[in-house]
Amino acid sequence: MKLSAFVFIVIAFLSLTSCIGTKQLTYLAAEEEISDSLISIQQMQPPYRVQINDLLSIRVKALDQELTGMFNPIGDAENSTATTEEKAYFDGFPVDRHGDIRIPTLGTVKVLGLTLEEIRLKLKDKLLNEYFKTEANIFITVKLAGLRYTTLGEIGSGSQVIYKEQVSIMEAIANAGGINLYGKRRAVKILRQYPEGQRLHKIDLTKITAVNSPFYYIQPNDLIIVDPLPQKSLGIGETGFGTFATLFSLITGITLLLFRL
């Protein structure tokens with residue numbers, strides 16, 4: 001009788017300690033009394049500065065469109081079957097390892113460390129000084145040719161592309177299929193590229209304060225890594241009931257085997 005009671009206590013203890021708690025699965029949780037005042041997401045992030053391996057989309061327009069043909073990519077007629085990502089790859093301007101892009105007629109332009117607006121103004125000045133007059137009324141747009149990032153671990157793995165100028169990590173994770181039940185939401189890793197190299201950052205997505213983190217918005221070429229919770233290595237159940245049922249079946253089988261011996 002004492003043995004049975006002891007076995008039951010052990011099963012109950014393991015069930016409670018090995019299951020995945022609600023707090024580990026909740027996104028952006030806040031205390032009830034401060035939940036209304038905390039939602040002050042900093043929408044305005046510092047302007048992104050172009051890095052090596054970025055892909056830029058540049059378009060030049062003017063009153064006479066024939067004059068701008070030499071600066072713009074070939075029309076879509078030759079790539080009518082290409083996907084949006086393929087068109088961006090073939091028509092975009094990659095930033096090489098020296099921090100430069102090469103534009104037809106204009107040649108090599110240094111863009112490393114510049115914001116998109118600074119690149120636009122730099123190209124506009126160069127065009128006005130060398131090819132156009134002010135009366136041409138040129139209009140230039142400079143954008144990132146899709147925000148590319150990669151996900152690994154307890155999340156839909158692979159390379160992802162979102163065609164927006166600003167993407168939060170929540171949207172990036174949702175676009176990748178979400179974090180599975182065994183994913184460690186309290187310490188999501190972000191491997192980010194900088195001019196001097198790469199740095200590893202962490203963000204806790206279970207707390208509302210994550211929205212004010214400098215890493216809440218992702219950047220091009222980010223690598224998002226979601227490590228597994230310790231419960232995954234135990235492999236005995238995702239919930240308390242599942243763990244209890246698994247352990248109960250195991251110990252019952254062992255007990256029956258011992259009684260037969």
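The values are calculated or read from the model by the stated rules, or taken from the named source; none is laboratory data. Remember, it's a predicted structure, so these values are computed and weren't measured experimentally. Every residue, glycine among them, receives a Cβ derived from its backbone with ideal geometry; neighbour counts consider all protein chains shown.
Within the stretch 141-153, does at least one residue satisfy the condition of being closer than 24 Å to residue 225 by Cβ and polar (S, T, N, Q)? Walk me through it before giving the result.
As a first pass, look at the stretch 141-153 and keep what is closer than 24 Å to residue 225 by Cβ: 144, 146-153.
With polar (S, T, N, Q) added as a condition, the list becomes 150-151.
Yes: the stretch 141-153 contains one or more residues that are closer than 24 Å to residue 225 by Cβ and polar (S, T, N, Q).
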Residue 137 passes all but one of (1) touching a residue at least 60 places away in the same chain (Cβ under 8 Å); (2) touching a Pro at 6+ places or on another chain (Cβ under 8 Å); which number fails?
(2)
Within the stretch 105-138, count every residue that is out of contact with any Gly (no Cβ under 7 Å at 6 or more places or on another chain), under 30 Å from residue 159 (Cα atoms) and part of a strand (DSSP E or B).
3
Within the stretch 149-182, work out how many residues are in contact with a helix residue (DSSP H, G or I) (Cβ under 9 Å, 6 or more places away or on another chain), assigned to a strand (DSSP E or B) and either touching a residue at least 40 places away in the same chain (Cβ under 8 Å) or of a type in the set (Lys, Arg) (or both).
6
When you scan the stretch 153-166, do you find a residue that is of a type in the set (Asp, Glu), surrounded by fewer than 19 Cβ atoms within 10 Å (Cβ to Cβ) and farther than 23 Å from residue 112 by Cα, even just one?
no
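Has the stretch 132-153 got any residue that is among the polar types (S, T, N, Q) and more than 28 Å from residue 90 (Cα to Cα)? So that I can check it myself, show each step before the final result.
Quick first cut of the stretch 132-153, residues among the polar types (S, T, N, Q) only: 134, 137, 141, 150-151.
So of that shortlist, the ones also more than 28 Å from residue 90 (Cα to Cα) come out as 134.
Yes - at least one qualifying residue is present in the stretch 132-153.
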Got at least one residue in the stretch 241-248 being at pLDDT below 90, aliphatic (A, V, I, L, M) and either under 23 Å from residue 116 (Cβ atoms) or not assigned by TED's automatic domain parsing to the domain that holds residue 113 (or both)?
yes
So, in the stretch 206-232, of the ones that are within 17 Å of residue 156 (Cα to Cα) and hydrophobic (A, V, I, L, M, F, W, C), which residue ends up modelled with the lowest pLDDT?
229
Matching entry among 102, 97 (being surrounded by fewer than 17 Cβ atoms within 10 Å (Cβ to Cβ), basic (Lys, Arg) and in a loop (DSSP other than H, G, I, E, B))
97
Which listed residue is under 30 Å from residue 53 (Cα atoms), touching a Pro at 6+ places or on another chain (Cβ under 7 Å) and not small (Gly, Ala, Ser), from 147, 152, 191, 223
147
